[in-house]
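Participant: I have a structure here, written as structure tokens, and I will follow up with some questions on it.
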Amino acid sequence: MNAQTWNPDGYERHGRFVSDFGLDLLAWLDPRAGERILDLGCGDGALTEKLAALGCKVVAVDSSPQFVEAAKRRGLDARRVDGERLTFDGEFDAVFSNAALHWMKRADAVIAGVRRALRQGGRFVAEMGGRGNVDSIVGALRDALERRGVDSATVNPWYFPDAQEYRQRLEAGGFRVLRIKRFPRPTPLPSDMIGWLETFAQSFTACLPAGERIAVLAEVRDALLPLLRDEEGRWTADYVRLRFEARKT
Ligand code: BEZ
């Protein structure tokens, strides 16, 4: 079950770092003016806008209606599309995706749809959470839910593969992998851990009554205090990234 909904204002306050970090990924994409690019899981379109400003012809897709509206407000061609059910056919020179693929658990369906969307030789450049991503947060959520008799595996919306697994999926799905790497990226949070949890981890608590949700978030925060907050009160999440460039064969 993925009970996640996105509020673009909350995202601006607690999650803007996601697209800020994504700027680095644009260098891997190496976009050229006139290229047709699909931004898969565009969020509020902050990175799509950069591609459009470079002269690329970009289509931005996301499964969240709130994000699609936010991307449209930037003047982008944004469409509500399920990333596990892409229907584009040979239309793009590249598919780009930042911090979205880990929300799509049917990885092989995603890869097949991306391949279909690309022209021959087209590239797939993406970054997502890799194995071990936000491990301490996932562990604290698991413990708090377990105390209430909930198996967190049934509500965890994320897929964080390692490089070898994702490489195999890409190769089996008709891609040649040019480079792939998994690396830790400790990520300073702009606000309290509660803000992060409320923005990104809704699926874990959606099955609980409202009062219980608040108690879970407080317990998770307490468990993470000694791990992720420094003496000055700054929170740093234990992000691990998986980044790759692949070409349609
Ligand atoms: C990530 O970008 O790795 C991420 C974002 C939200 C929740 C979990 C992971």
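Bear in mind that the values in this text are calculations on the coordinates, not laboratory data. These figures come from a predicted structure and were not determined experimentally. All Cβ positions, glycine included, derive from the backbone under ideal geometry; neighbour counts span all protein chains shown.
Participant: So, R0 is 22 Å and r is the distance between the beta-carbons of Ile194 and Glu231; what FRET efficiency does that work out to, to 0.05?
Facilitator: According to the calculation, E is roughly 0.70.
Participant: Let me ask another. Based solely on C-alpha atoms, express the radius of gyration and the Dmax of the stretch 193-249 in angstrom.
Facilitator: Just the Cα atoms of the stretch 193-249 yield Rg and Dmax of 15.9, 52 Å.
Participant: Farthest toward the dipole's positive end in the stretch 1-136, which of Phe88, Gly45, Ser64, given Cβ charges of +1 (Lys, Arg) and -1 (Asp, Glu) about the Cα centre?
Facilitator: Of Phe88, Gly45, Ser64, it is Phe88.
Participant: Something else about it: Please report, largest first and rounded to whole Å, the three semi-axes of the ellipsoid equivalent to the stretch 143-249, where each semi-axis is the square root of five times an eigenvalue of the C-alpha gyration tensor.
Facilitator: Values: eigenvalues 215, 74, 21 Å².
After diagonalising the Cα gyration tensor, the semi-axes are 33, 19, 10 Å.
Participant: Evaluate E = 1/(1 + (r/R0)^6) for Lys72 and Asp20, where r is the Cβ-Cβ distance and R0 equals 30 Å; express this FRET efficiency to the nearest 0.05. Don't skip to the end; give the middle numbers.
Facilitator: Values: r = 21 Å, r/R0 = 0.72.
With R0 = 30 Å, the Cβ-Cβ based efficiency is 0.90.
Participant: Would you mind listing how long the stretch 60-154 runs along its three principal axes, going by Cα atoms, in whole Å with the largest first?
Facilitator: Principal extents (Cα only, largest first): 49, 31, 19 Å.
Participant: Right, next: Give me Leu38, Leu178, Leu25 ranked fewest to most by other Cβ atoms within 10 Å of their Cβ, as a rough exposure proxy.
Facilitator: Result, fewest neighbours first: Leu178, Leu25, Leu38.
Participant: While we're on this one: Given charges of +1 on the Cβ of Lys and Arg and -1 on the Cβ of Asp and Glu, with all other atoms neutral, how large is the dipole of the chain about its Cα centre, in debye to the nearest 20?
Facilitator: Result for the chain is approximately 980 debye, rounded to the nearest 20.
Participant: Comparing Cys207, Cys42, Cys56, which has the greatest mean-square fluctuation in the GNM of the chain with Cα pairs linked when under 10 Å apart?
Facilitator: Maximum fluctuation in the GNM of the chain, among the listed residues, is at Cys207.
Participant: Suppose the chain between Arg106 and Glu165 were pulled fully straight at 0.36 nm per residue; how much longer would it get relative to their current alpha carbon spacing? Working shown, then result.
Facilitator: Details: separation 59, 0.36 × 59 = 21.24 nm, distance 1.35 nm.
Contour length minus the Cα-Cα distance gives 19.9 nm.
Participant: Moving on. Under unit Cβ charges (Lys, Arg +1; Asp, Glu -1), what dipole magnitude, rounded to 20 debye, does the stretch 1-144 have relative to its Cα centre? It would help to have the intermediate numbers written out before the result.
Facilitator: Numbers: 20 positive and 21 negative charges, 60 e Å.
Here the stretch 1-144 has a charge dipole of around 300 debye.
Participant: Mind checking which of Gln202, Gln164, Gln66 has the largest fluctuation in a GNM of the chain, springs on alpha carbons under 10 Å?
Facilitator: Top of the fluctuation ranking is Gln164.
Participant: Under 19 Å Cα to Cα from Lys57, which lysines show up? Leave out anything in the same chain fewer than 8 places away.
Facilitator: Lys72
Participant: Now for a different question. Between rounded, prolate and oblate, where does the stretch 127-194 land on the alpha carbon gyration tensor, with a ≥ b ≥ c its root eigenvalues, rounded for a/c under 1.5, else prolate if a/b exceeds b/c?
Facilitator: oblate
Participant: Between Glu146 and Asn7, with labels modelled 7 Å along Cα→Cβ, what's the label distance in nm to one decimal, could you check?
Facilitator: Going from the Glu146 label point to the Asn7 one covers 3.1 nm.
Participant: Hey, another quick one. Cut-off 10 angstrom, C-alpha nodes, Gaussian network model of the chain. Which of Ala172, Ala107, Ala210 fluctuates the most?
Facilitator: Its mean-square fluctuation being the largest, the pick is Ala210.
Participant: FRET efficiency for Ala53 and Ala215, Cβ-Cβ distance as r, R0 = 41 Å, nearest 0.05? Before the final figure, lay out the partial values.
Facilitator: On the way: r = 45 Å, r/R0 = 1.10.
For Ala53 and Ala215, the calculated efficiency is 0.35.
Participant: Determine the calculated [θ] at 222 nm for the chain from helices alone, applying -39500 (n - 2.57) to every DSSP H run no shorter than 4 residues and normalising by the residue count; nearest 500 deg cm²/dmol. Before the final figure, lay out each step's value.
Facilitator: Working: 10 runs with 102 residues, N = 249.
The per-residue figure over the chain is -12000 deg cm²/dmol.
Participant: If I histogram all Cα-Cα distances within the stretch 8-248 using bins 5 Å wide from 0, what percent of pairs lands in each bin?
Facilitator: 1, 6, 13, 17, 19, 16, 12, 8, 4, 2, 0
Participant: Starting from the Cα gyration tensor of the stretch 5-59, multiply each eigenvalue by 5, take the square root, and state the resulting semi-axes largest first in whole Å.
Facilitator: 22, 12, 8
Participant: Right, another one. Ratio of Rg to Rh for the stretch 1-132, alpha carbon only, Kirkwood? Please list the in-between numbers first.
Facilitator: Numbers: Rg = 13.6 Å, Rh = 14.7 Å.
Checking Rg against Rh, the ratio lands at 0.93.
Participant: For Asp135 and Asp30, compute 0.36 nm times the residue count separating them, minus their Cα-Cα distance, and round to one decimal in nm.
Facilitator: Numbers: separation 105, 0.36 × 105 = 37.80 nm, distance 3.12 nm.
Between Asp135 and Asp30, full extension yields 34.7 nm more.
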